[in-house]
There are 2 protein chains.
Amino acid sequence: MTALQRWTRYQDWLCDVPGAGLRLDISRMNFPPDFVERMTPAMSRALDAMRDIEAGALANASEGRQVGHYWLRAAHLAPTPAIRADIESTLGAVEAFASEVREGRVAPAVGTAGKFTRFFVIGIGGSALGPQLLGEALRAPSVYLPSPFLDNTDPESIQRFFHEIEDELESTLALVISKSGGTIETRNAMLEAQHAYAARGLNFARHAVAITAAGSALDHQARAQNWLRTFPMWDWVGGRTSITSAVGLLPAALLGVDIRAFLAGAASCDQATRDPDIRRNPAALLALMWHYAGNGSGDRAMVVLPYCDRLALLGRYLQQLVMESLGKGRTRSGAPVEQGLTVFGNKGSTDQHAYVQQLREGRSDFFVTFVGVDDPGAAGVEVEQGAHSADYLFGFRLGTREALSEAGRESVTLTMPRLDAFQLGSLIALFERTVGLYAELIDVNAYDQPGVEAGKRAAGRVIELQRLVLAHLVAHPGKSFTAGELARTLDEQDVEVVFHVLAHLVARADSNILAAQAADPAQIRFRYEPPA
Amino acid sequence: MTALQRWTRYQDWLCDVPGAGLRLDISRMNFPPDFVERMTPAMSRALDAMRDIEAGALANASEGRQVGHYWLRAAHLAPTPAIRADIESTLGAVEAFASEVREGRVAPAVGTAGKFTRFFVIGIGGSALGPQLLGEALRAPSVYLPSPFLDNTDPESIQRFFHEIEDELESTLALVISKSGGTIETRNAMLEAQHAYAARGLNFARHAVAITAAGSALDHQARAQNWLRTFPMWDWVGGRTSITSAVGLLPAALLGVDIRAFLAGAASCDQATRDPDIRRNPAALLALMWHYAGNGSGDRAMVVLPYCDRLALLGRYLQQLVMESLGKGRTRSGAPVEQGLTVFGNKGSTDQHAYVQQLREGRSDFFVTFVGVDDPGAAGVEVEQGAHSADYLFGFRLGTREALSEAGRESVTLTMPRLDAFQLGSLIALFERTVGLYAELIDVNAYDQPGVEAGKRAAGRVIELQRLVLAHLVAHPGKSFTAGELARTLDEQDVEVVFHVLAHLVARADSNILAAQAADPAQIRFRYEPPA
């Protein structure tokens, strides 16, 4: 393409939506001239389906649930007055609680501080990435420190965290977020936290806030132990689209984020992306680009490159939103497929020094989503005559787009006038809608995650086996067994898993399980030696 | 495969290297029975080539350079006494300087602290990811705070950082790392830092340390301004393999890491991965698995899942090491290819709640590299009868491996007895050697990065164009131009780039460039209005 053709194509396809503060440039995707027209009937059906979802259809059919994250920022769209009231009262309660905490009206029971001086979040997946992104992108300096996230069942890192803040623990608030209230990693991290508070003579309940579905195990615990507060989640909000619920809003409000502006941004993008005129609808165009790039089956990965440090978590946020929504093994009618759209990326220009080498010259199995912020918030110092450091942030974004384009590598570019709460809300809503529309095009349920269960079940089986193996060894102190012998005794087919469980027990210093080493794993003998 | 067959395959293929503390399990890769034998001649040649590299061959032919990162941890292997002396004296100097800083013998010029109380790093790519990984994985509590990394030319985030530490700036040390000494992002961040120190009445030079090649622009500046110290880099160390040079070692030593143990771990893995017996050589087996998984052309992405929070950066570290090394457009003899191996991943079990849904049920275009630590450093609290939180970390790792395997998704598992400096050194050396061997198999130069230059050049052109556009507008105050008119005036073919530059100048509040909006980008008129 000549420079003139590129300029014409840029003008032809530019999708500028001032109301939502978004500009989408798809001119560097080499879709054929008739592609958008050809896809229009399918996209129109997808837009209709989104309308039905917003009206309360059971869009998550496999779980028999409505999909209501759009209502969270436009409560008047909720299908029942009860849902509308729930949304509005929760928003008010979040704002009130954040004020009470910041002003010291909700305060630690002991200590001299008088106020909570910091907080952290326990949560994983949708209960972590949304508030993490919000905090990184928007936290006001000098309200609270960046909130750490305990998002795993790794006691070493959890204990390191509590060790590092121990002097401040008495004035530290804990937010425990689990929609289902039964997520194992979250439960474990919460038990570690409870233990850390107790070890300092503090009552965890007086520092703890829950965000969870009414009636969940976490909800019961919070009520029974009289936690500071509980905020609701609802079955019509999926974890990966919970950022505009209390899950995202409460941590953000504590960090001084203007959550009403965040919701207004999401609402304005929702409005813009209902537009039936596909060429004016950035979510529709973006979904069509995903379809074009990967032949409707994700054959190209999406590399997310925001040129803005505060958006460094956007790639991981979208990785979850997109891959968990679209990575499916069945269409909605049950036909087997292997769907998905792989997402990775950190930030520019940093990543130019990591993997852009491969993007420019190596495998051509991706497209880039550049994200730019027109006004980066600071021009920076003049690093050369007439050029400030922020000019280079812009220059590298544009330069990398050109360098990739020259080499036949495709990209879309999304720009926003600035990065504030409104714009982040709008940006997130754009991708939520794009995922919804694209899922309609490829006919998968974007709202369930059946594959996550398999790993959990298998893990449960490992833990159960560990209990049985340990019990058997402890019941026969000093007696040694090979993995095969133990498997036979326990009537377990899977000797390999028994072997791994045994090796794990040996590595756990407090288990008193010892191994007599042998070169051949099948010959290693394991025994329990009671402590002297 | 039956459980019995899996157990047999596990025993058959287990590669246990106690000297390097590594265990590699490739039993869940479904390579055909004769695959390793068939690949043995090629792998033997690759091992020979590695021997030549270690002996000082000009392995980086396109840049005419030796590849010497293996010498950094076994200086007696260096091809000349001068290189050996450089390595040994630099290691000694790093250790001495870290002690001097910690003990206050190198101290801030002003202020009451008497010692440097914190430090940060300015660097990007290979000059950031290595020390970042080292610090996250190994930093001792209570020596220094985690070191922030300024790894971009984003003035907003840099200024936010300096704002947040401003009260401590007088006792804050700055490490500026750039091998070439001319990396734009690093230069810009350094200029921002200089400005921040000056704004507090501090002389940056008395807080600054450089790590760079002798004779580079950065080296000249450090000497001219009398910085605290300069440590050398050499042209035979690539940025992405610089973690065992001063680039990784100095920040690590300041954080209390046992850098001799780190080097010893790398050396012991280097030793183990010279083994010509492929089945006992974990790097050779791993390289063969990469070849098998992706048909020698990276057709499957590598998902990196360490079940250990302290290794959360491993995926990004390997993303750089692997993709920049292997993502090439030419073989060594110049034949066009599109090579590479896409790497992404964060940590388990966290990522199980992000994208494992797609891995288990969706696109089957990846293999997983599980990384496990037998003794996680803490068992954690008993979360259920007989199960501690670390048991779940193990259980989720094994469970996810099983769940993926059941669905026909392949994985390798690497385990280590613990995560300490020795083991991290060993782990990194394993991947460095694997990359080297795999590059031999696919005949690409793993040590250059010609594609990175294209983006830099294009960015330089954007910055130059910005200067010209601004100068022209300023020279004609009040007069307005369209992008097309300016492009013609400046004899620039690329109107689109001129348009983006103009839009960027308008967004930069201090430029005094204004736009008269119009729906059609080609009709927007831009002008300079001198400040009143």
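The values are calculated or read from the model by the stated rules, or taken from the named source; none is laboratory data. The structure presented is a predicted model; accordingly, all values stated were derived computationally and were not measured. Counting neighbours? That spans all protein chains shown, and the Cβs are built from the backbone with ideal geometry, glycine included. Note: accessible area is taken over every heavy atom of the protein model, side chains too, but ligands, DNA and RNA are not part of it. Shrake-Rupley method; radii C 1.70, N 1.55, O 1.52, S 1.80 Å.
Before moving on, here are some points about what is shown:
- For A:S411, the criteria (1) among the small types (G, A, S); (2) surrounded by fewer than 21 Cβ atoms within 10 Å (Cβ to Cβ); (3) more than 8 Å from every other protein chain (Cβ to nearest Cβ) hold in every case but one, which is (2).
- Some residue of segment A:162-172 being among the small types (G, A, S) and either under 27 Å from A:L314 (Cβ atoms) or crowded, with 24+ Cβ neighbours inside 10 Å (or both): no
- Qualifying residue in segment A:128-146 (condition: within 14 Å of chain B (Cβ to nearest Cβ), surrounded by fewer than 23 Cβ atoms within 10 Å (Cβ to Cβ), closer than 24 Å to A:N203 by Cα and charged (D, E, K, R)): no
- Leading residue by the ranking (farthest from the other protein chains (Cβ to nearest Cβ)) among those in segment B:1-23 that are exposed (fewer than 14 other Cβ atoms within 10 Å of the Cβ) and assigned to a loop (DSSP other than H, G, I, E, B): B:M1
- Residue within segment B:31-46 that is out of contact with any strand residue (DSSP E or B) (no Cβ under 9 Å at 6 or more places or on another chain), in contact (Cβ under 8 Å) with a residue 12 or more places away in the chain and closer than 28 Å to B:K179 by Cβ present: yes
- Residues of segment B:182-223 classified as within 14 Å of another protein chain (Cβ to nearest Cβ) and hydroxyl-bearing (S, T, Y), total: 3
- Scanning segment A:197-232 for residues that are part of a helix (DSSP H, G or I), open to solvent by 20 Å² or more (accessible area, probe 1.4 Å) and within 24 Å of B:A387 (Cβ to Cβ) turns up A:A198, A:A199, A:A217, A:H220, A:Q221, A:A224.
- Some residue of segment B:510-519 being in a helix (DSSP H, G or I) and within 7 Å of chain A (Cβ to nearest Cβ): yes
- Within the set A:L419, A:L393, the sole residue that is at the interface with chain B (Cβ under 7 Å from one of its Cβ atoms) and either open to solvent by less than 20 Å² (accessible area, probe 1.4 Å) or not basic (K, R) (or both) turns out to be A:L393.
Table: residues versus (1) surrounded by 24 or more Cβ atoms within 10 Å (Cβ to Cβ); (2) assigned by TED's automatic domain parsing to the domain that holds A:D12; (3) within 30 Å of A:G395 (Cα to Cα); (4) at pLDDT 95 or above.
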site	(1), (2), (3), (4)
A:R240	yes, no, no, yes
A:V247	yes, no, no, yes
A:A252	yes, no, no, yes
A:D275	no, yes, no, yes
A:I278	no, yes, no, yes
A:A283	yes, yes, yes, yes
A:L288	yes, yes, yes, yes
A:L305	yes, yes, yes, yes
A:D309	yes, yes, yes, yes
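- Pairs where the first residue, in segment A:72-85, is under 16 Å from A:I53 (Cα atoms) and the second is assigned to a loop (DSSP other than H, G, I, E, B) and open to solvent by 50 Å² or more (accessible area, probe 1.4 Å), C-beta under 7 Å, 6+ apart: A:P79/A:A55
- Pairs linking a residue in segment A:507-529 that is touching a residue at least 40 places away in the same chain (Cβ under 8 Å) to a residue that is among the hydroxyl-bearing types (S, T, Y), with Cβ atoms under 6 Å and 6 or more positions apart or on different chains, are A:I513/A:Y528; A:R525/A:S480; A:R525/A:T482; A:R527/A:S480.
- Complete set of residues in segment A:265-285 that are more than 21 Å from the chain's Cα centre (by Cα) and of a type in the set (G, A, S): A:S268, A:A272, A:A284
- B:V337 falls short on exactly one of the conditions (1) surrounded by 24 or more Cβ atoms within 10 Å (Cβ to Cβ); (2) in contact with a Ser or Thr (Cβ under 6 Å, 6 or more places away or on another chain), and that condition is (1).
- Some residue of segment A:476-490 being within 11 Å of chain B (Cβ to nearest Cβ), in a helix (DSSP H, G or I) and surrounded by fewer than 18 Cβ atoms within 10 Å (Cβ to Cβ): yes
- The listed residue being within 24 Å of A:F499 (Cβ to Cβ) and at the interface with chain A (Cβ under 7 Å from one of its Cβ atoms), out of B:S349, B:S364: B:S349
- Test: residue in segment B:27-37 that is among the hydrophobic types (A, V, I, L, M, F, W, C), more than 14 Å from chain A (Cβ to nearest Cβ), surrounded by fewer than 18 Cβ atoms within 10 Å (Cβ to Cβ) and part of a helix (DSSP H, G or I): yes
- All positions within segment A:148-181 that are among the charged types (D, E, K, R), without any contact (Cβ under 8 Å) to a residue 40 or more places away in the chain and more than 7 Å from chain B (Cβ to nearest Cβ): A:E166, A:D167
- From the options A:A189, A:A113, A:A137, residue that is under 22 Å from B:P376 (Cβ atoms) and either assigned to a helix (DSSP H, G or I) or at pLDDT below 95 (or both): A:A189
- Test result for A:V498, over 40 Å from the mean Cα position of the chain (by Cα), within 26 Å of A:I184 (Cβ to Cβ) and not assigned by TED's automatic domain parsing to the domain that holds A:L24: no
- So B:M50, is it assigned by TED's automatic domain parsing to the domain that holds B:V444, more than 24 Å from A:A483 (Cα to Cα) and open to solvent by less than 10 Å² (accessible area, probe 1.4 Å): yes
- Number of residues in segment A:422-457 that are more than 12 Å from every other protein chain (Cβ to nearest Cβ), open to solvent by 10 Å² or more (accessible area, probe 1.4 Å) and of a type outside the set (D, E, K, R) equals 2.
- Here segment A:324-343 is the region considered, the condition is being more than 20 Å from the chain's Cα centre (by Cα) and part of a loop (DSSP other than H, G, I, E, B), and the residue that is farthest from the other protein chains (Cβ to nearest Cβ) is A:S333.
- Residue within segment B:344-359 that is under 16 Å from B:A429 (Cα atoms) and either assigned to a helix (DSSP H, G or I) or in contact with a Ser or Thr (Cβ under 9 Å, 6 or more places away or on another chain) (or both) present: no
- The listed residue being open to solvent by 10 Å² or more (accessible area, probe 1.4 Å) and in contact with a strand residue (DSSP E or B) (Cβ under 8 Å, 6 or more places away or on another chain), out of A:L514, A:L502: A:L514
- Residue ID - most open to solvent (accessible area, probe 1.4 Å), chosen from residues in segment A:60-115 that are over 22 Å from A:A214 (Cα atoms) and of a type in the set (S, T, Y): A:T112
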